[in-house]
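Here's the structure, in structure tokens; my notes come after.
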Amino acid sequence: MRFVAFVCDKGMKGALDDFKVMLTRNQPFTGLAKAVAFLVIFALGVVAGLWVAAGAHQSSDSIVRPTIMQLMPSAAMYQPSGGSGGGGGGDCCRPDTKPVFAEFVAPTRLMHDMTDEELFWRATLVPAAAGYPFERVPKVAFMFLAGHGVLPLAPLWERFFRGHEDHFSVYVHAPPAVAINVSEDSPFHGRQIPSQETSWGSVTLMDAEKRLLANALLDFSNERFVLLSESCIPVHNFTTVYDYLVGSEHSFLEVYYRNTKQCRNRYSRRMAPDITLRQWRKGSQWFELTRDIATSILTDTRYYPLFRRHCRPSCYPDEHYVQTYVGMRHGARNSNRTVTHVDWSTGGSHPMAYGAREATPELVRSIRTSREPCTRNSQPTTTCYLFARKFSPDALAPLLNMSAAVMQY
């Protein structure tokens, strides 16, 4: 095209030159002939100008377009659907769809380089608009605090989760640089979050709990948040657990006060006036929270620093911080009980552990149906516990043998 324009342009210039030569010769010309000659020259000039302008416009387009395409984001680029030849038929082009929005509302890649401060800020962003621009199915976030970096009861949990993939998400806090050993088709695969070292009885355990909550809050479909340990088991099937939690009007966090050394004596007067002894609370570490209460905990910059400074190892922050905070700020929306059964009847700093010999159908049935009823949505019920601990690794085999008949999964 450029070559044709060049040739035409040269031809018109040649014609103009010929007319100029004719006019400058010393030959007699009539007035009419001169007028015709000038009109022809003028017309040729106009045509030449239009032709050159059109050629320049086409040339400009061919240069600018690639530059614009290079500046466009890759998600807006279109590529042939029928391979490199472009002969796919029907829709010849399709968008290079990268799931940017899907990854934003429900992250599948949990490892990131955010600091805790950055993570907590990001996790507490709450949409101002009512409703969601996607089909939101409420999910339960199962958050495992695996202090030793192992999940010995994972096969039981995998059986519990099977077939309900759209209604749950899993998060695991293990020691740094420790990879959970599970198969690629396990719901635990790729579900470890960035972690830090923890030590029993210190505020680092509470930091780990907040880290689990924050990562789980990044998924906008997570509605309920359950904290579990590697020694916990589900004593009911998934449908029962899901309906129980999603349909509940309250969170399930044990909160109480007792005039004992395990409760009252752990309080530090240096927390006053922000936290007084009358506001001090204790309870089980293993909680279940609604989304808004979980968000509220991460936004707390008033009370948590007091626990970091004054609730030292003998205080056990994981048994007091969430309990005191929720009691002060969200007491009316909490059931004041836990849904994780633990047997403290033996006394001491640790609950009773269930091994292969103790893990019997009779034990699990007694946990599934409580002798003393509790309330759910202000109605009495004998289904008070959904989970139980503390089960040893050697209890896995008998638990798997009874899961279908007793736990119904």
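The values are calculated or read from the model by the stated rules, or taken from the named source; none is laboratory data. Everything numeric in this text was worked out from a predicted model, so none of it was measured. Don't worry about glycine lacking a Cβ; one is built from the backbone with ideal geometry, like all the others, and counts go over all protein chains shown.
Can you go through Leu213, Leu205 and tell me which one is hydrophobic (A, V, I, L, M, F, W, C), in contact with a helix residue (DSSP H, G or I) (Cβ under 9 Å, 6 or more places away or on another chain), surrounded by fewer than 23 Cβ atoms within 10 Å (Cβ to Cβ) and not in a loop (DSSP other than H, G, I, E, B)?
So the residue among Leu213, Leu205 that is hydrophobic (A, V, I, L, M, F, W, C), in contact with a helix residue (DSSP H, G or I) (Cβ under 9 Å, 6 or more places away or on another chain), surrounded by fewer than 23 Cβ atoms within 10 Å (Cβ to Cβ) and not in a loop (DSSP other than H, G, I, E, B) is Leu205.
Given the conditions (1) in contact with an Asp or Glu (Cβ under 8 Å, 6 or more places away or on another chain); (2) surrounded by fewer than 21 Cβ atoms within 10 Å (Cβ to Cβ); (3) assigned to a loop (DSSP other than H, G, I, E, B); (4) not basic (Lys, Arg), report the number of the one that Gln285 does not fulfil.
Checking Gln285 against (1) in contact with an Asp or Glu (Cβ under 8 Å, 6 or more places away or on another chain); (2) surrounded by fewer than 21 Cβ atoms within 10 Å (Cβ to Cβ); (3) assigned to a loop (DSSP other than H, G, I, E, B); (4) not basic (Lys, Arg), the one that fails is (2).
So, in the stretch 371-409, how many residues would count as being touching a Leu at 6+ places or on another chain (Cβ under 7 Å) and surrounded by fewer than 16 Cβ atoms within 10 Å (Cβ to Cβ)?
The total comes to 1.
Looking at the stretch 322-352, which of the residues that are hydrophobic (A, V, I, L, M, F, W, C) and within 34 Å of the chain's Cα centre (by Cα) is surrounded by the fewest Cβ atoms within 10 Å (Cβ to Cβ)?
Taking the candidates together, the pick is Ala332.
Under the condition of being without any contact (Cβ under 8 Å) to a residue 40 or more places away in the chain and surrounded by fewer than 18 Cβ atoms within 10 Å (Cβ to Cβ), which residue from the stretch 164-181 is farthest from Leu218 (Cα to Cα)?
Asn181
Can you pull out every residue in the stretch 327-352 that is free of Cβ contacts under 8 Å to residues at least 40 places away in the same chain, among the aliphatic types (A, V, I, L, M) and closer than 28 Å to Ser403 by Cβ?
The answer is Met352, and nothing else.
Could we say that Lys282 is in contact with a strand residue (DSSP E or B) (Cβ under 7 Å, 6 or more places away or on another chain) and over 25 Å from Thr115 (Cβ atoms) here?
yes
Looking at (1) over 17 Å from Thr260 (Cβ atoms); (2) surrounded by 15 or more Cβ atoms within 10 Å (Cβ to Cβ); (3) at pLDDT 95 or above, can you tell me which one Pro305 breaks?
Result: Pro305 fails condition (2) only.
Determine whether Tyr267 is at pLDDT 95 or above, of a type in the set (Phe, Trp, Tyr), out of contact with any Pro (no Cβ under 6 Å at 6 or more places or on another chain) and crowded, with 19+ Cβ neighbours inside 10 Å.
Yes.
Look through the stretch 241-280, keep the residues that are under 25 Å from the mean Cα position of the chain (by Cα) and part of a loop (DSSP other than H, G, I, E, B), and return whichever of them is nearest to His320 (Cα to Cα).
Leu253
So, Asp300, is that one more than 28 Å from Phe220 (Cα to Cα) and either crowded, with 17+ Cβ neighbours inside 10 Å or not polar (S, T, N, Q) (or both) or not?
The answer is no for Asp300.
Tell me, which residue of the stretch 220-240 that is in a strand (DSSP E or B) and in contact with a helix residue (DSSP H, G or I) (Cβ under 8 Å, 6 or more places away or on another chain) is surrounded by the most Cβ atoms within 10 Å (Cβ to Cβ)?
The residue in question is Leu227.
Which ones in the stretch 241-264 are over 30 Å from Gln408 (Cα atoms), crowded, with 17+ Cβ neighbours inside 10 Å and not β-branched (Val, Ile, Thr)?
Matches in the stretch 241-264: Tyr257, Cys263.
So, in the stretch 119-149, of the ones that are without any contact (Cβ under 8 Å) to a residue 60 or more places away in the chain and more than 24 Å from Pro194 (Cβ to Cβ), which residue ends up surrounded by the most Cβ atoms within 10 Å (Cβ to Cβ)?
Per the criteria, the residue is Phe134.
Working carefully through the options Ser248, Ser183, Ser231, Ser202, find the one that is of a type in the set (Gly, Ala, Ser) and in contact with a His (Cβ under 8 Å, 6 or more places away or on another chain).
Every option except Ser183 fails the conditions.
In the list Ser251, Ser221, Ser195, which residue meets the criterion of being under 22 Å from Glu117 (Cα atoms) and modelled with pLDDT of 95 or more?
Among Ser251, Ser221, Ser195, only Ser195 is under 22 Å from Glu117 (Cα atoms) and modelled with pLDDT of 95 or more.
When the stretch 361-370 is examined, which residues are found to be in contact (Cβ under 8 Å) with a residue 40 or more places away in the chain and either surrounded by 17 or more Cβ atoms within 10 Å (Cβ to Cβ) or over 36 Å from the mean Cα position of the chain (by Cα) (or both)?
Of everything in the stretch 361-370, those that are in contact (Cβ under 8 Å) with a residue 40 or more places away in the chain and either surrounded by 17 or more Cβ atoms within 10 Å (Cβ to Cβ) or over 36 Å from the mean Cα position of the chain (by Cα) (or both) turn out to be Pro361, Val364, Ile367, Arg368.
Within the stretch 120-153, track down each residue that is closer than 18 Å to Leu213 by Cα, part of a loop (DSSP other than H, G, I, E, B) and touching a Phe, Trp or Tyr at 6+ places or on another chain (Cβ under 8 Å).
Pro127, Gly147
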